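Everything on this sheet refers to the single structure shown next.
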């Protein structure tokens, strides 16, 4: 990739990740989106594209280094893309968010019961 994301090491199906020596695709996905600020980035890009500064403001405690690394990983995984107006979700990123959003809603209800 011309953007340099091909140098970013992201988990790949079939390669060992935490919790799966065989690299089951669901475990590979959980490894990727379970990284610090990855879900926050996906959630903040779900409704509109955002600049790096806007994302940084929305992910207040994320250092610029961590935020930049996560964006590169999510871009290399094909979930986030750089656009003329900043960063946005790709088609795969939007599909993933549509699957995760109900899980997020369930978690909010669950948290209230705890």
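Is one or more of the residues making up segment 32-46 exposed (fewer than 14 other Cβ atoms within 10 Å of the Cβ) and assigned to a helix (DSSP H, G or I)?
Scanning segment 32-46 turns up no residue that is exposed (fewer than 14 other Cβ atoms within 10 Å of the Cβ) and assigned to a helix (DSSP H, G or I).
Just give me the residues in segment 83-93 being assigned to a helix (DSSP H, G or I) and touching a helix residue (DSSP H, G or I) at 6+ places or on another chain (Cβ under 9 Å), in sequence order.
Matches in segment 83-93: 93 only.
Give me the pairs, please: first residue somewhere in segment 55-78 and without any contact (Cβ under 8 Å) to a residue 12 or more places away in the chain, second residue anywhere and surrounded by 14 or more Cβ atoms within 10 Å (Cβ to Cβ), beta-carbon distance under 6 Å, and either six or more positions apart or on two chains.
From residues that are without any contact (Cβ under 8 Å) to a residue 12 or more places away in the chain, the pairs are 56/67.
Quick check on residue 50: is it surrounded by 19 or more Cβ atoms within 10 Å (Cβ to Cβ), touching a residue at least 24 places away in the same chain (Cβ under 8 Å) and more than 24 Å from residue 9 (Cβ to Cβ)?
yes
Before we move on, is residue 82 under 11 Å from the mean Cα position of the chain (by Cα) and surrounded by 12 or more Cβ atoms within 10 Å (Cβ to Cβ)?
No; evaluated as a whole, the condition is false for this residue.
Checking the condition at pLDDT 95 or above and at positive phi, which residue from 88, 78 passes?
78
State all residues of segment 10-42 that are touching a strand residue (DSSP E or B) at 6+ places or on another chain (Cβ under 8 Å) and more than 21 Å from residue 59 (Cα to Cα); if no residue qualifies, say none.
Passing the criteria: 11, 23, 27, 28.
Kindly indicate whether residue 23 is part of a helix (DSSP H, G or I) and either surrounded by 14 or more Cβ atoms within 10 Å (Cβ to Cβ) or in contact (Cβ under 8 Å) with a residue 40 or more places away in the chain (or both).
no
Give the residues of segment 49-82 that are over 26 Å from residue 28 (Cα atoms) and out of contact with any helix residue (DSSP H, G or I) (no Cβ under 9 Å at 6 or more places or on another chain), sorted by residue number.
Those that are over 26 Å from residue 28 (Cα atoms) and out of contact with any helix residue (DSSP H, G or I) (no Cβ under 9 Å at 6 or more places or on another chain): 51, 53, 57, 60.
The values are calculated or read from the model by the stated rules, or taken from the named source; none is laboratory data. This structure is a prediction, so every number in the text was calculated from the model and none was measured. Positions of Cβ are generated from backbone atoms using ideal geometry, with glycine treated the same way; all protein chains shown enter the neighbour counts.
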